[in-house]
Structure formats: C-alpha cells, structure tokens
C-alpha cells in the first residue's frame, strides 16, 4: 500500500477494468451522440424549471434571470471539467471514478456517497414534482384531482405521495428492459419537452410587458444569490452524461461533445423561459405558486387550453428526468460495487437485458420512500448542496490530474487552465453559501455517516487494497 496512505487508481487502470475501449462488464455500446445529448437534456430539464421556477422567483424577483445566469456559469466551468475527465476516462462511475484516480479511495467513496444526494435523493424530488403537474393535467382533462391525502407528503396536507412512487416504478420497468429502449424513450421525451418550453415562450411573449420587470432586483444581491442556489437545481443532471461512459459509441469524442452541447442548449432555453415568464406576469403573482408555467399561460391566453398542453409537457418532461437520473444512480453504484465499496448485488448485470436489474429495483424502492413522505423543499436543498460539493471536487480533480498525469490522453482540455477550474470551485462554494444553515447541518451529518460507512465497510472490503497487499504477502512468503 502506498506510504502516503492514499489508495489511488491510475486512469489507465480504471479504463482497463471497465473495458472502456471494448464492451464493459456486460454493458453494450448502443448510445450515439444525438441520443446522448437527448439523454443529457432529459436528465436536466424537468422539475427545476417546471416546478422550481416559482420558488426561485420568490427569492430573486425579476432578477431570477441573473440567478439563472450565475447557476449556468457554475455549470459551464464544471462542464468543462467533466468534458475533460469524461473524454480521458470514459467509464461509468462519473465523478466517483475521477476522484478515485486523483484524490484517492476515501475521497472517492465520499463523492459516491454524495452522489446518492445528486441522483438518488434528486430523483425523489423530481418524482414529487411530477405529481403536481399530473394533478394539473387531470383537472384540465377529466375534471378530477388525486385526493390530497394521496398526492402530498405528511405535513403538507397529505399522507403519502402515490404519483411519485408510481413514476419511479414505471421508470424502473423501462430501465430493466434495456438501455437501447431507455435511450429511445428519453430522446423522444426530450424532444417533446423542449418543444413544449419553446411553445410556452411563444405564448408568454405575446403578453410581454416590460413594466413587469421593474423593480428588477426587489430583494437585492442577497435575493439573487439565494435564487441562484435554487436555480442551480434546474441544471442538475448534465453530469449524468458521464455515467453512460461504458455504453456510448466513440466515448472519448462523444462524451465531451454531448456535455458541452447539452449545457449550452439548456442555459439558453432557461434564460428565454425566465424572461418570457416574468415579462408576461408580475413576479409577485408567480413566486411560490405551484405549476407556475401553466398559471402564466392561462393569464396570457385567457383560457385553460394552453395550460393543459404545458401540464402534459411537464408530465412527460419530469418522467424523462426520473428515467435519466435513476439510470445514473444505478451506474455509479455499479462502479462502487466493482471496487468492493458497495455490496456485490449492485454490479450484477443480467445476461438477457445487459442491465443491472437488481440494482435498478433496489434504487427504485429505496428512493421511492422519501418521494412518498418527504416534502419537496427539504429534498431540493439536500440535493443542491450535495451536487455543489461534488462539482467543487470535480474541478479539483482536473487540477490534480493535470499535475499527476500530464501525459494522459485528453480529447478535450479545459480552456484557461487553471483559472477555469478554480472559478468552478469558487462558484460552487458561493452557491453553497446561499443555502440555509439547517441544510449545512443536515449535509454535515450525512457526510459523517458516509465516512463511518467507509471506515466500517468500504475500507475493509476494498478490492484495490487487497490487490495492493497481495504482492506484499507474496514477497514476505518468499523471504521466509
């Protein structure tokens, strides 16, 4: 074992173990560049813009546009880092694997632990938002709503959120059928929801009034910062592209390309949606309202037909996010299981469907619980702080790998190195600063539990540790 105490995997070892240049561990390369971009859009565009926009507006007012730009900048700098690392190490583990190669096993495990927040807990948040728009759609089409007791969490007028559980189970069914089918479904849903948001902009701009944007920043700089922390949730998911590293055709080229194209398209779309929304309706009437986009379309058209279309688009959009994010969580757990840091059940791949069936069902069932009984705002804040912490680490990984492996093959290189990664770290920490103190306390407890799990389970079962100690045992035996 290295004297430094760090258990590091070289990038070459990660690539070899995953079969990244061949077929990796039973996974098949079936995802092309268009499907990968659609997968990225599918993972991002959903609850954040369809449901979370109103909460962001409540914090920042019309300056929500600036909040979105700040959140986008954080993602752009980190997207550069993900593009470089994904092109150099096209494996399924995403930021977990990148950290293993640059900062060591303990840091990698904690990143993987935090990814439970970004993917597992966030899919719960997304599923909760899906139920809100499903009710909106049912009301407009059949004149009936799911009773509050079966559509909301305890403390918010409900007992259990049944729609949130249903959408997660449906996503699991599709995922275990095969990655090709999942990718096609995600691509179709991504095209539909982008079309719905473009339609929303076209309708909202017909009611645009410049006076609605004044005063521009009623809550001041503090409101913009708090709004940026919430707006960041709308961008979570672009790194899910890198979790598909072992199932992408020509990954060294297509992974960086898809990451950058996706984040650029989504940032532009969000800015257009926020300008159109707040130009069409005063921010005081939008802030804090559920299904805000439908409300704005009703206001702009004077009818409920447009909002029915928006609600339909939101149901499709948010379902695709559940699908994409759940996919990402299963691939990360698979990578951690291969390394011995998670139970073996997570790495088993069905020979019939080439998918991790048991892994997928465990993720669906476990994270359906918070979706069913935890309020949306609690889930959102924990997802955001966990994701921002991971993004800060990913930028640090680029700095560390440039230093330790300068000769590593990189199809894409972060521009303006080391300034861009340092800005990525800075923006991530700034947005974390804008989150409530209680979220910091919850996050600290979560990380402490993760450190304990690693010490008691992962450190002892690590396959890398066994591989490093085996040669030493052989040497001692020969000496005797």
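The residues on offer are 388, 401, 452, 408, and the sole one that is in a helix (DSSP H, G or I), in contact with a helix residue (DSSP H, G or I) (Cβ under 7 Å, 6 or more places away or on another chain) and more than 29 Å from residue 127 (Cα to Cα) is 401. The set of residues in the stretch 413-463 being within 24 Å of residue 87 (Cβ to Cβ) and surrounded by 15 or more Cβ atoms within 10 Å (Cβ to Cβ) consists of 414, 417, 420, 421, 422, 423, 424, 425, 427, 428. Would it be correct to say that residue 319 is farther than 18 Å from residue 137 by Cα, at pLDDT 80 or above, in a helix (DSSP H, G or I) and out of contact with any strand residue (DSSP E or B) (no Cβ under 9 Å at 6 or more places or on another chain)? In short, no. Considering 202, 217, 190, 207, the condition of being closer than 22 Å to residue 248 by Cβ and either modelled with pLDDT under 80 or in contact with a helix residue (DSSP H, G or I) (Cβ under 9 Å, 6 or more places away or on another chain) (or both) is satisfied by 190 alone.
Only one entry in 273, 297, 261, 266 is more than 30 Å from residue 429 (Cα to Cα) and either in contact with a helix residue (DSSP H, G or I) (Cβ under 8 Å, 6 or more places away or on another chain) or not in a helix (DSSP H, G or I) (or both), namely 297.
The residue that is farthest from residue 314 (Cα to Cα), among those in the stretch 175-187 that are surrounded by 18 or more Cβ atoms within 10 Å (Cβ to Cβ) and either out of contact with any helix residue (DSSP H, G or I) (no Cβ under 9 Å at 6 or more places or on another chain) or modelled with pLDDT of 85 or more (or both), is 176. Does the stretch 224-238 contain any residue that is over 23 Å from residue 92 (Cα atoms), without any contact (Cβ under 8 Å) to a residue 60 or more places away in the chain and out of contact with any strand residue (DSSP E or B) (no Cβ under 8 Å at 6 or more places or on another chain)? Checking the stretch 224-238: not a single residue is over 23 Å from residue 92 (Cα atoms), without any contact (Cβ under 8 Å) to a residue 60 or more places away in the chain and out of contact with any strand residue (DSSP E or B) (no Cβ under 8 Å at 6 or more places or on another chain).
The number of residues in the stretch 429-438 being touching a helix residue (DSSP H, G or I) at 6+ places or on another chain (Cβ under 7 Å) and modelled with pLDDT of 90 or more comes to 1. Kindly establish whether residue 367 is touching a residue at least 12 places away in the same chain (Cβ under 8 Å) and in a helix (DSSP H, G or I). So residue 367 fits the description; yes. Counting residues in the stretch 302-310 that are part of a helix (DSSP H, G or I) and buried (at least 24 other Cβ atoms within 10 Å of the Cβ) gives one or more. If you go through the stretch 345-356 and keep only what is at pLDDT below 90 and in a helix (DSSP H, G or I), you end up with just 347.
The values are calculated or read from the model by the stated rules, or taken from the named source; none is laboratory data. These numbers were taken from a predicted model, which means no experiment stands behind them. Here Cβ is always computed from backbone atoms with ideal geometry, including for glycine, and neighbour counts include all displayed protein chains.
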